[in-house]
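Nothing in this text is a laboratory measurement; each read-out follows from the coordinates by a stated rule. This one's a predicted model, so the numbers in the text were calculated from it and none came from an experiment. Cβ: placed from backbone, ideal geometry, glycine included. Neighbour counts: every protein chain shown.
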Ligand code: SF4
């Protein structure tokens, strides 16, 4: 599988879990706001699978799971084998997808190879092409994947990156209907960076995002990325405490050495 990124430690990619995240190359969408352009366009240098599996072997019991993200992972023909190898090491797996390959998602869920699925719901039907940057945005397939995941019993969440130029009240009404009754829904803040496909869009103000989030009352866990100006500080602090936590978990086995050696 072509892997273009490997984040060895994350506390934010899967709520409540310490995970590694694997970024697969290539995507069938070209969302203008995509902040992983080098992944979507497969232009980032590849990483050997062995690097990922060597790390996972060493971190057994210290990391809870692996997020398989992209790009769009379901485009990789060897995704199933790759995930099966991760599962065989005892890790939980989260799949991030844009939902355009329902048969791949169904197969992985039916075979018990994924524990959690996160699907992007980009916009209302008439705006799907502009939001995904492709004329054939396959909304019918996305809706099929969403319906399947909601009914399958697998852990799941849906998410939308909200942007002033793309989303309105009525778009959010449509999305709220689609994700009605879901386990989780996440409003993601748009952030412009050097790795975006296009630049210069406008983030939705916090007050408006919070008002939109209120439309998702029938979702068990609706949440909205913190849009306050101190977000960087919040993220940095969260990362610091997460690192301390991981170091603690790495050192924990050493505490048991005296117990093993001296039998007390
Ligand atoms: S944001 Fe869009 S273009 Fe980027 S990886 Fe996700 S689906 Fe593909």
Exercise. Given the conditions (1) away from the ligand (no atom under 16 Å from the Cβ); (2) free of Cβ contacts under 8 Å to residues at least 60 places away in the same chain; (3) closer than 26 Å to residue 163 by Cβ; (4) in contact with a strand residue (DSSP E or B) (Cβ under 7 Å, 6 or more places away or on another chain), and given that residue 93 satisfies all but one, which numbered condition is not satisfied?
Worked result: (3)
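Go over the candidates 99, 71, 26 one by one and state the one that is surrounded by fewer than 19 Cβ atoms within 10 Å (Cβ to Cβ), within 16 Å of the chain's Cα centre (by Cα), touching a residue at least 24 places away in the same chain (Cβ under 8 Å) and under 21 Å from residue 134 (Cα atoms). Even if it seems obvious, please write down each step before you answer.
Working: 99 fails: surrounded by fewer than 19 Cβ atoms within 10 Å (Cβ to Cβ); 71 fails: surrounded by fewer than 19 Cβ atoms within 10 Å (Cβ to Cβ).
Matching residue, one of 99, 71, 26: 26.
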Exercise. Looking only at region 151-195, which residues are out of contact with any strand residue (DSSP E or B) (no Cβ under 7 Å at 6 or more places or on another chain) and assigned to a helix (DSSP H, G or I)?
Worked result: 151, 152, 169, 170, 171, 172, 173, 174, 176, 177, 178
Exercise. Can you tell me which of 4, 34 is more than 10 Å from the ligand (Cβ to nearest atom), within 15 Å of residue 195 (Cα to Cα) and surrounded by 15 or more Cβ atoms within 10 Å (Cβ to Cβ)?
Worked result: 4
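Has region 10-17 got any residue that is part of a strand (DSSP E or B) and more than 14 Å from the ligand (Cβ to nearest atom)?
Taking region 10-17 first, the residues part of a strand (DSSP E or B) are 10.
Subsequent filtering for residues that are more than 14 Å from the ligand (Cβ to nearest atom) retains 10.
Within region 10-17 (the criterion being part of a strand (DSSP E or B) and more than 14 Å from the ligand (Cβ to nearest atom)), the answer is yes, since at least one residue qualifies.
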For this session: Search region 32-44 for residues that are more than 18 Å from residue 190 (Cβ to Cβ) and free of Cβ contacts under 8 Å to residues at least 40 places away in the same chain and pair each with any residue that is more than 7 Å from the ligand (Cβ to nearest atom) and in a helix (DSSP H, G or I) when their beta-carbon atoms are under 9 Å apart and the residues are at least 6 apart or on different chains.
Result: 43/37
Problem set entry | Matching option when the condition is surrounded by 16 or more Cβ atoms within 10 Å (Cβ to Cβ), within 19 Å of the chain's Cα centre (by Cα) and under 30 Å from residue 81 (Cβ atoms), among 119, 163 | 119
Problem set entry | Given (1) more than 15 Å from the ligand (Cβ to nearest atom); (2) within 19 Å of residue 186 (Cβ to Cβ), index of the condition residue 128 fails | (1)
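I'm trying to understand the selection: among the residues of region 37-53, which are within 23 Å of residue 142 (Cα to Cα) and surrounded by fewer than 19 Cβ atoms within 10 Å (Cβ to Cβ)? Reasoning before the result, please.
Restricting attention to region 37-53, the residues satisfying the condition of being within 23 Å of residue 142 (Cα to Cα) are 37, 39-42.
Within region 37-53, 41, 42 meet the criteria.
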Problem set entry | Test: residue 64 is more than 16 Å from the ligand (Cβ to nearest atom) and either free of Cβ contacts under 8 Å to residues at least 40 places away in the same chain or more than 17 Å from the chain's Cα centre (by Cα) (or both) | no
